[in-house]
Amino acid sequence: MSVPIANLPYGQRPRERLLALGPQALSDGELLALLLRQGRCGESALEMAIDLLAEYGGLTGLAGARPEELSRRTGVGVAKAAAVVAAFHLGSRARNSPEVVCRLDGAADVVRVAGPLFAGARVERLLVLVCDVQNRLRQKVFVAEGAIDQVAVPVREILNTVLRHDGRAFALVHNHPSGDPAPSFDDRRATSLLTEAAATVGLRFLAHVVIAGERWASVPALTRS
């Protein structure tokens, strides 16, 4: 029989353990249970948290879950799904917030900044790194989700994003969920389109990078014949 967290001995409740011992003393399931707050019929929040972690293969898998996907799980719903996704993204932003001003001087710098933002992602996403005139990072903005090809590359939205954040240069990053970072023909065409478009509005296009798990590749422009 399921035992509600409120009926557990005081010293075994996740919230009380966190306050008394600190978050490092709690298991992944206990921390997730604090976000979920309530369980579902016949199951406590802690039991539901453990089930979710098992279903997704741990924190990395759960971090890549989309809110609409989580919300369809019995007992989760929209509010809990949003809370879980928000918590993962806050953690990611905290780890990658440029407390010391970060310069993007090459593709390796782009990967160092952008790589953690794609951890566990199971769909293709497009990220713009907005920089100032000295290539110092100002903002990280996701602008698209889905296949990145000649039709899908939102050139105008990318440029507007850079200008909206007072950028003078930018880099583009997207992922290949297949695990193969090799740039496709459409990836290279996207580099060509953006290089030309950026030049027309006085922006510098620094790099286009494909990330696939732990591997990555720089995307060159198409060679003119």
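The values are calculated or read from the model by the stated rules, or taken from the named source; none is laboratory data. Predicted model only: the values in this text are computed from it and were never measured. Side chains are part of the model used for accessible areas, which takes the heavy atoms of the whole protein and leaves out ligands, DNA and RNA. Shrake-Rupley method; radii C 1.70, N 1.55, O 1.52, S 1.80 Å.
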Taking H as built 1.01 Å from N, whose amide H comes closer than 5 Å to the amide H of Val209, not counting residues under 5 places away? Leu172, Val173, His174, Val219
Return the percentage of antiparallel bridges among DSSP beta bridges fully within the chain, rounded to the nearest 5 %. 75 percent
Rounded to whole Hz and in sequence order, give me ³J(HN,Hα) for region 117-124 from the Karplus expression 6.51 cos²θ - 1.76 cosθ + 1.60, θ = phi - 60°, writing x for Gly and Pro. 6, 9, 4, x, 5, 10, 10, 6
Taking Cα pairs under 8 Å and at least six residues apart, what relative contact order does the chain come out at, in percent? 14 percent
Determine the calculated [θ] at 222 nm for the chain from helices alone, applying -39500 (n - 2.57) to every DSSP H run no shorter than 4 residues and normalising by the residue count; nearest 500 deg cm²/dmol. -12500 deg cm²/dmol
Of the labelled options (1) 1.08; (2) 0.94; (3) 1.18, which one gives Rg/Rh (Cα atoms, Kirkwood Rh) as computed for this structure? (1)
Each residue of region 46-58 in turn: what ³J(HN,Hα) in whole Hz from Karplus with 6.51, -1.76, 1.60 and θ = phi - 60°, glycine and Pro shown as x? 5, 5, 5, 4, 5, 4, 4, 5, 5, 5, 9, x, x
Ignoring ligands and nucleic acids, what accessible area does Phe142 show with a 1.4 Å probe (Å², nearest 10)? 90 Å²
The ³J(HN,Hα) series, computed from each phi in region 79-93 with the Karplus coefficients 6.51, -1.76 and 1.60 at θ = phi - 60°, rounded to the nearest Hz and given as x for glycine or proline, is 5, 5, 4, 4, 5, 5, 4, 4, 5, 4, 6, 4, x, 5, 5
